[in-house]
Amino acid sequence: MVRYAEPGAVEWGESGGGPLIAVPETVLPFWTGADGEETDSDYDRACEVDGHVGLLPVGDSTALVLGDEPASTAYLPDHGTFVRWCAADSEEEVLAGVPTALDTADWQPEVSWHVPGPVLLFDAAWPGSASARADRVRIALDPGRYAVRAAEVRPGPETWLGLVQLRRLAGR
């Protein structure tokens, strides 16, 4: 796992250049990454996502694609937000900019994502069965439906973040 700060810092997921994907653990074996036998691999489908987020069917569930930038990404459970490190001099700068970024974000339209439980965030090129060898981050989400929205924010002159916020929808 890549770390940009002292031990105990946030865990960051990395990509080799393509999108990151959050796949529910229950359907991990169904994600084939770049190894598909079909004309278009799962990785190809993830690369076709236009914009900051998209949803792709995987087994009997759905994975969340974090598109646009192959930026280092961490999940901050206190904010229910994936933070994407697009530009900053340090992890401290990134994390310090999050509250301002959340307050000033110009959010894109929401999508609805049903999550059966915990998800793993990793490079979409990896097959789910081999994701243990990749930089991956486990995110302990409760089962249910979430509203997902994304934004790019510049909370400081040298700091640029991507945000993907999850909000649990009640009663669903």
Enumerate the pairs (first residue in region 152-166 and within 19 Å of LEU64 (Cβ to Cβ); second residue anywhere and of a type in the set (D, E, K, R) and crowded, with 21+ Cβ neighbours inside 10 Å) with beta-carbon separation below 9 Å, excluding pairs fewer than 6 apart on the same chain, so at least 6 apart or on different chains.
-> GLU152/ARG84; LEU161/ARG84; GLY162/ARG84; LEU163/ARG84; VAL164/ARG84
Tell me, which residue of region 141-168 that is in contact with a strand residue (DSSP E or B) (Cβ under 9 Å, 6 or more places away or on another chain) and part of a loop (DSSP other than H, G, I, E, B) is modelled with the lowest pLDDT?
-> GLU158
Among the residues of region 142-152, which ones are over 12 Å from GLN108 (Cα atoms), of a type outside the set (Phe, Trp, Tyr) and buried (at least 17 other Cβ atoms within 10 Å of the Cβ)?
-> none
Search result, residues across region 92-120 that are in contact with a Ser or Thr (Cβ under 7 Å, 6 or more places away or on another chain) and of a type in the set (Phe, Trp, Tyr) | TRP113
Write out, first by first residue and then by second, each pair whose Cβ atoms fall under 7 Å of each other, whose residues are 6+ apart or on separate chains, and whose first residue, in region 58-76, is touching a residue at least 24 places away in the same chain (Cβ under 8 Å) while the second is hydroxyl-bearing (Ser, Thr, Tyr).
-> SER61/THR26; LEU66/THR73; PRO70/SER15
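Would you pick out the residues in region 64-103 that are within 14 Å of VAL164 (Cα to Cα), assigned to a loop (DSSP other than H, G, I, E, B) and among the aliphatic types (A, V, I, L, M)?
Filtering region 64-103 for residues within 14 Å of VAL164 (Cα to Cα) gives 64-86, 98-99, 101-103.
Next, from what is left, pick out any that are assigned to a loop (DSSP other than H, G, I, E, B): 67-71, 77-80.
Hit for region 64-103 is ALA71, nothing else.
Determine, yes or no, whether ALA88 is surrounded by 15 or more Cβ atoms within 10 Å (Cβ to Cβ), within 13 Å of the chain's Cα centre (by Cα) and small (Gly, Ala, Ser). Give the steps one after another, and end with the answer.
Working: surrounded by 15 or more Cβ atoms within 10 Å (Cβ to Cβ): yes; within 13 Å of the chain's Cα centre (by Cα): no; small (Gly, Ala, Ser): yes.
Judged against the criteria, ALA88 is not a match.
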Among (1) assigned to a loop (DSSP other than H, G, I, E, B); (2) within 21 Å of LEU28 (Cβ to Cβ); (3) free of Cβ contacts under 8 Å to residues at least 12 places away in the same chain, ALA132 falls short only on (1)
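Select from region 110-129 the residues that are assigned to a loop (DSSP other than H, G, I, E, B) and of a type outside the set (A, V, I, L, M, F, W, C) and write down the one among them that is surrounded by the most Cβ atoms within 10 Å (Cβ to Cβ).
So in region 110-129, the residues assigned to a loop (DSSP other than H, G, I, E, B) come out as 110, 116-118, 124-127.
Next cut, of a type outside the set (A, V, I, L, M, F, W, C) only: 110, 116-118, 127.
Numbers: GLU110: 15, PRO116: 16, GLY117: 13, PRO118: 15, PRO127: 20.
Here the answer is PRO127.
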Scan of region 88-127 for residues that are small (Gly, Ala, Ser) and either closer than 13 Å to ALA150 by Cα or touching a strand residue (DSSP E or B) at 6+ places or on another chain (Cβ under 9 Å) (or both), ordered by number = ALA88, ALA96, GLY97, ALA101, ALA105, SER112, GLY117, ALA124
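The values are calculated or read from the model by the stated rules, or taken from the named source; none is laboratory data. It should be emphasised that the depicted structure is a prediction, and the values quoted were computed from it without experimental measurement. Every residue, glycine among them, receives a Cβ derived from its backbone with ideal geometry; neighbour counts consider all protein chains shown.
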